Amino acid sequence: MSAIETVLKEDRVFPPSEEFVKQANISGMEAYKALCAKAEQDYEGFWRDLANEHISWHKPFTQVLDESKAPFFKWFADGELNISYNCIDRHLKDKADKTAIIFEKDDGTSEKITYQQLHDKVCEFANALKSLDVQKGDRVIIYMPMITEAVIAMQACARIGAIHSVVFGGFSAGAVKDRIKDAAAKVIITANESVRGGKRTPLKATVDEALANGDCPSIEKVIVFKRTDTEVAWTDNRDVWWHDIIKGQSTVCEPEVMNAEDTLFILYTSGSTGKPKGVEHHIGGYLLGAILSMNWVFDYKPSDVYWCTADVGWITGHTYICYGPLAVGATQIVFEGVPTYPDASRFWQMIEKHKVTTFYTAPTAIRSLIKLGADLPEKFDLSSLRLLGSVGEPINPEAWMWYYEKVGGSRCPIVDTWWQTETGSNMIAPIPGAFPTKPGSCTLPLPGIMVDIVDETGNSVPNGQGGSLVIRRAFPSLLRTVYNDDNRFVSTYFPEEFGHKLYLAGDSAARDEDGYIRIMGRIDDVLNVSGHRLGTMEIESALVAHPLVAEAAVVGKPHDIKGEAVVAFVMLKGDRPVGEEAQKIAAELKAWVAKEIGKIAQPDDIRFGENLPKTRSGKIMRRLLRSLAKGEEVTQDTSTLENPQVMEQLSQSI
Ligand code: PRX
């Protein structure tokens, strides 16, 4: 049976309970189909009505979609709004005292803040940013732990019209520097340390390293939140404490009137070539995507206690922590720690403690928790849960079933949400009160999202056949461009081969006989390690920057917990190392990659060869390396290889 047939043969189907359907925001398949039909018949009218219904506009828009400069699409282009107003101020008349954020610290203590308090803190910090001369359109890097202040910093930027670019707290100084430079950021917001899983990570010191040698001249100020008592090195005139600059600031800061097409944020993500690209999202369309998916996919109810376990350094944390839940007025959890600290029951214990109703996490977390304690959920009262979500990578059917039965008590629908940094919000996902779900399938596209699976010529493939996942029409929350690189935007996402008309997601997928979609994996050289996107070229560039390395090729191999693991094939400048020497150099190269990019990019497996397998024209044979990485028997013809003896060397793990 082919790989596609194997994944498409799933015949377990789980319809939502009658009780869930009765209370759902979209109940039953007919309601879903009616929305899809409306989008088909009157695409602009469909989006116009939703944007008017769900967004509080300062000045209503008159034009819905401007396609005149396609693929540079504009949505609601003459509308004016402020996203921070939409996330906070508009709730104050009736929800000022409602809890906005329950912050659970690494050590298990928690604090709550109401919408009114969130408003005051965001305004105070927004005024502090203004006092440092941060203006509309300026870029601000946020390199913070997962604490409420990270959300406050993002909201404050949005309030004054500054463009934030959040950098995941696990990235290294080199990665921080690249992003500061590309964005020409004026200010960076960080903390002295982050605290995760009982361990402290020195964020401020990493920022100092990124800024050393005058490498980032655009940075004027470093704002430091004091998360722990640890002292940090200080650069007078440049570094300021968060608590000092908010002192005496007013708790009122009028939201800046922004255009719907002004930039909200830049978020860097890996591609198959070059350095990470700055995915640029604009305010109006992005906000609409966030709100609709909260309502449609997460079936948001005012009584919910919502918890997305992502980090704000990734798109999931942007849309489903910072913006989506606040835009609908939810009570949500912001979690500083990790799922395995103090032990593997942390998630379940927190669900019981905070009476979480809606829980959204990644398959890699589920798989590691199954391994560490498959029976642990039974020890907790998880009866508050009513909906479960999965994001970031394909969820294998066994993990899905465990999540459904052990965590959700066979009662909670699972929303397996397919989307990307570029799409801004969920694209293919169950509408839980309408769709029966199947383990391992993200099901069907949301209303208005014209997903298709196509062959090389852009023609739809029949059900049961694999192809490239595309979206046929622009939608509001789609990225607008790659920051400073319009050409890369067009060539990556609206390529010539499809006449610049289809959005190319970069994933392969197939539909089963019911039209349900399964994601098969990336079609490019992008790896998905624990739900994190990594470009093979980025890791290769880091490796060849090491003085000992002559050449390197990186591929992925399947991994039980992480989904995919990084395997690096390396040729050194000197002799091929063996035995202890090989182990020593492999350890050094792993540490090097962690330093150059971040721990998440560290190869699991490094293999040394006298050379790398190349065709006679000098191209590295990646397909062959993938087979070697998996330990598969190599079926490709290696007779054309210039150097067949390296095959034996590269099949050996250190
Ligand atoms: O390959 C797909 C995978 O993650 C990629 C997007 O990564 P990123 O931009 O970092 O965003 C992750 C969070 C949305 C996609 O191209 N992916 C994401 N969600 C799923 C998925 N693969 C399978 N099933 C999913 N539910």
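Read-outs throughout are calculated quantities, based only on the coordinates presented, and are distinct from any laboratory measurement. Since the model is a prediction, treat every value here as computed from it, not as a measurement. Virtual Cβ from ideal backbone geometry, glycine too; neighbours counted across all protein chains shown.
Computed packing ranks the peptides 617-623, 349-355 as 349-355, 617-623, most packed first, by mean other Cβ atoms within 10 Å.
Volume per residue of the convex hull around the Cα atoms, evaluated for the chain, comes out as 160 Å³. For the range 135-179 and the range 259-279, compute the distance between their C-alpha centroids and round to whole Å. Comparing the Cα centres of the range 135-179 and the range 259-279, I get a distance of 13 Å. Among TRP241, TRP419, sorting on how many other beta-carbon atoms sit within 10 Å of each Cβ, with the fewest leading, yields TRP241, TRP419.
Legend: ranking of residues ARG576, ARG139, ARG616 from fewest to most surrounding C-beta atoms inside 10 Å; resulting order ARG616, ARG576, ARG139. Once both labels are positioned 7 Å from their Cα atoms along Cα-to-Cβ, the gap between LYS136 and SER653 label points is 5.6 nm. With a cut-off of 15 Å on the backbone N, the residues of the range 155-193 near the modelled label site 7 Å out from ARG200 along Cα-Cβ are 191-193. Ranking TRP75, HIS58, VAL407 by how far each Cα lies toward the positive end of the dipole of the chain (charges on Cβ) leaves HIS58 at the top. Which shape class, rounded, prolate or oblate, goes with the range 512-640 when its Cα gyration tensor gives a ≥ b ≥ c as root eigenvalues, a/c under 1.5 marks rounded, and past that a/b bigger than b/c marks prolate? Here the range 512-640 falls in the oblate category. Amide H contacts under 5 Å for SER194: THR201, LEU203, restricted to partners 5 or more places along the chain or on a different chain, H placed in the peptide plane at 1.01 Å from N. Think of each Lys and Arg Cβ as +1 and each Asp and Glu Cβ as -1; about the Cα centre, that makes the dipole of the chain roughly 500 debye.
Using a 7 Å offset from Cα along Cα-Cβ at ALA34, what residues in the range 427-446 end up with backbone N under 16 Å from the label point? What the label zone holds, given the 16 Å backbone N cut-off, is 433-435. Net charge dipole, the range 1-132: roughly 320 debye, given to the nearest 20, about the Cα centre with Cβ charges of +1 for Lys and Arg and -1 for Asp and Glu. Give, as a single signed number, the net charge of other residues whose beta carbon lies under 11 Å from the beta carbon of ALA374, with Lys and Arg counted +1 and Asp and Glu -1. Every neighbour counted, the sum reads -1. Taking amide H atoms as placed 1.01 Å from N in the peptide plane, the amide H of ILE189 lies under 5 Å from those of ILE141, ILE142, TYR143, ILE223, each 5 or more residues away in sequence or on another chain.
Please work out whether the range 66-129 counts as rounded, prolate or oblate from its C-alpha gyration tensor, where a ≥ b ≥ c are the square roots of the eigenvalues and a/c under 1.5 means rounded, while otherwise a/b larger than b/c means prolate and anything else oblate? Prolate shape, in that a/c is at least 1.5 and a/b is the bigger ratio. Peptides 430-443, 448-461 ranked from most to least packed give 430-443, 448-461, packing being the mean of other C-beta atoms within 10 angstrom over each peptide's residues.
Other residues within the sphere of radius under 14 Å centred on the Cβ of GLN602, judged by their own Cβ, net out at -3 (K and R +1, D and E -1). The relative contact order of the chain comes to 14 percent, based on Cα pairs under 8 Å that sit 6 or more residues apart. Ordered from longest to shortest, the equivalent ellipsoid semi-axes for the range 24-152 are 34, 23, 15 Å, each the square root of 5 times a Cα gyration tensor eigenvalue. Approximating the spin labels as points 7 Å out from Cα along Cα→Cβ, the ASP514-to-ARG616 distance works out to 5.3 nm. Could you please state, rounded to a whole Å, how far the C-alpha centre of the range 58-101 is from the C-alpha centre of the range 313-391? Cα centroid of the range 58-101 versus Cα centroid of the range 313-391: 28 Å apart.
Rounded to 0.05, the FRET efficiency of the GLU220 and GLN645 pair, given R0 = 41 Å and the Cβ-Cβ distance, is 0.15. Positive-end ranking of GLY324, ALA126, PRO462 along the dipole of the chain, with charges on Cβ about the Cα centre, is headed by ALA126. Counting only other residues whose beta carbon sits under 14 Å from that of THR114, what net charge do I get with K and R as +1, D and E as -1? Local charge sum for THR114: 0. Among the cysteines of the chain, CYS36, CYS87, CYS157, CYS216, CYS308, CYS322, CYS412, CYS442 have no other cysteine beta carbon within less than 4.7 Å of their own. For the range 157-174, backbone nitrogen atoms closer than 20 Å to the point 7 Å from THR230 Cα along Cα-to-C-beta are found at 167-174. Once you reduce the range 506-520 and the range 460-475 to the center of their Cα atoms, the two points are 8 Å from each other.
Per-residue ellipticity at 222 nm computed for the chain from its helices equals -8500 deg cm²/dmol, with DSSP H segments shorter than 4 residues left out and the rest contributing -39,500 (n - 2.57).
Look at the Cα gyration tensor of the range 488-528: its axes a ≥ b ≥ c give a/c of at least 1.5 with a/b at or below b/c, and that counts as oblate. Between SER68 and GLU580, how high is the FRET efficiency from 1/(1 + (r/R0)^6) when r is the Cβ-Cβ distance and R₀ = 60 Å? Nearest 0.05. It comes out at approximately 0.40. For the range 519-654, lysine pairs separated by 8 or more sequence positions, or belonging to different chains, with Cα-Cα distances below 24 Å total 24.
Put simply, when 194-207, 227-240 are sorted by average Cβ atoms within 10 angstrom per residue, most first, you get 194-207, 227-240. Between TYR493, TYR300, ILE102, the Cα set farthest toward the positive side of the dipole of the chain (charges on each charged residue's Cβ, about the Cα centre) is that of ILE102.
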